[in-house]
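Take a look at the structure below.
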Amino acid sequence: MTVFSPPLALASLSGAADAEWGRAGAPYAGAAFLGGIAICDRSRGAAREMVADRDRSEFLPPDPLAWIDEQLAALADARIAPAINVRSTRADRVAEAARVCADRGAALEINAHCRQAELCAVGCGERLLADTDRLCEFVAASADAGATTSVKVRAEVDGVDLVETARRVERAGADWFHVDAMDSESVIHEVARAADLSVIANNGVRDRATTNEYLDYGADAVSVGRPSDDPAVLRRVRRALRSHESVTTGTE
């Protein structure tokens, strides 16, 4: 299933993944997930706590929806598909952000991935992943607002069945399932078989071997996180994608 071309994404890095970062990766990647950005009062409060207590870098603009619009506008002429990774405790705020994304031709990604204690305490990130009913409510809010909708998740979360989660978010209207595989790379095969979603595989994507592993498991695309600002890594992954396509299509 085609996601974006080339099927390489830059994965969101809180406090670092902005339009400038996305533009820098445009020569190599097909999509850039900006953010994550907290868009409701409770998630913004959690982000402020992380900055104050642990000196983390977070996006905390006065108006997060205006920030989203400005960042997407700054990528309007870039050759990369933009998306925004959002943290929220409220479906109505997800819908508002999704409308901004839809107007800019961008995707919205619901963050059910972050495991920071401050975010989990207010019901964001990994805590949202464990509450499938709420997660599906957020997915439906984004899809109903007209945005291509991605869900960022993490493997190896106690009590979470990612296969069932994939099926349910698909029914709620999700388009992409962005999986941080942790140390369970084969989960990509399981979710790719279970639901008609575009699967983006994340975690440890650095070179031909890691790229091929995820593609062979059935991923439609891969994403690079921490080294997303390293052109050498992005070039290696891009070459691996081209090579894999040549082999699978017989055009080598």
With a ≥ b ≥ c the root eigenvalues of the C-alpha gyration tensor of the range 1-81, is it rounded (a/c under 1.5), prolate (a/b larger than b/c) or oblate?
prolate
Simple label model, 7 Å out from Cα along Cβ direction - D196 to R208, nm
3.6
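What is the extension gain from A74 to D92, computed as 0.36 nm multiplied by their sequence separation minus the C-alpha to C-alpha distance, in nm to one decimal? All intermediate terms of the calculation are to be shown ahead of the outcome.
Working: separation 18, 0.36 × 18 = 6.48 nm, distance 2.53 nm.
Stretched out fully, the A74 to D92 stretch lengthens by 4.0 nm.
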On C-alpha positions alone, give me the angle between the axis of helix 41-54 and the longest principal axis of the chain, in degrees, nearest 10.
80
Any chance you could give the angle, 0 to 90 degrees and rounded to 10, that helix 231-249 forms with the longest Cα principal axis of the chain?
50
With labels modelled as points extended 7 Å from the Cα through the Cβ direction, what inter-label distance (nm, one decimal) is found for S184 paired with S5?
3.4
Along Cα→Cβ, 7 Å out, is where each label goes; now give me the distance between the ones at E20 and E164 in nm to one decimal.
4.6
Pull up all non-local amide H partners of A32: gap of 5 or more, or a different chain, and H-to-H distance under 5 Å with H placed in the peptide plane.
L10, A81, A83
Coordinate range along principal axes, alpha carbons of the chain, Å, largest first
52, 38, 35
Whole Å is fine, so just give me how far the alpha carbon centre of the range 67-134 lies from that of the range 191-250.
23
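Bear in mind that the values in this text are calculations on the coordinates, not laboratory data. Note that the structure is predicted; figures quoted are calculated from it, not measured. Neighbour counts run over all protein chains shown; Cβ positions are idealised from the backbone, glycine included.
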